[in-house]
Amino acid sequence: MRAAGDAFEQRACVELERAGLTLLARNYNTRHGELDLVMRDGDTVVFVEVRYRRSASHGDAIASITASKQARLILAAQHWLAAHPQHARRPCRFDVMSYDGPPDAAHGEWLRSAFDAG
């Protein structure tokens, strides 16, 4: 499953770069969790969670981002900002790139500001 996750992270990165975002970090790990992609959209730091679900039998990719997952992402983002003080005062948001369906025909959706840190 990790190979599929890597492929969809790469796909998301390419799609977001085409939309004008700039990659700052990929697979940033902390004890709180991992940030899939950290990007910049203009002056805004964007923490991107990439989710893939082959089947919706347990909910779609977006539904898999629970409140506890959001809390871990927020902590990881705070850690990243502390480690990169040049970005610490920039506005931030949390986006989700979700993919649902078979790997070769997965439907993608970009949810800007999918959840808030506050």
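The values are calculated or read from the model by the stated rules, or taken from the named source; none is laboratory data. Here the structure is a predicted model, which means the values were calculated and not measured. Because the Cβ atoms are built from the backbone with ideal geometry, glycine has one as well, and the counts that use them run over all protein chains shown.
Things to note:
- Residues satisfying the stated conditions in the stretch 53-73, i.e. surrounded by 11 or more Cβ atoms within 10 Å (Cβ to Cβ), modelled with pLDDT of 60 or more and not in a helix (DSSP H, G or I): Arg53, Arg54, Ile65
- Residues located in the stretch 88-118, provided they are crowded, with 16+ Cβ neighbours inside 10 Å and of a type outside the set (A, V, I, L, M): Cys92, Arg93, Phe94, Asp95, Ser98, Tyr99, Asp100, Gly101, Gly108, Phe115
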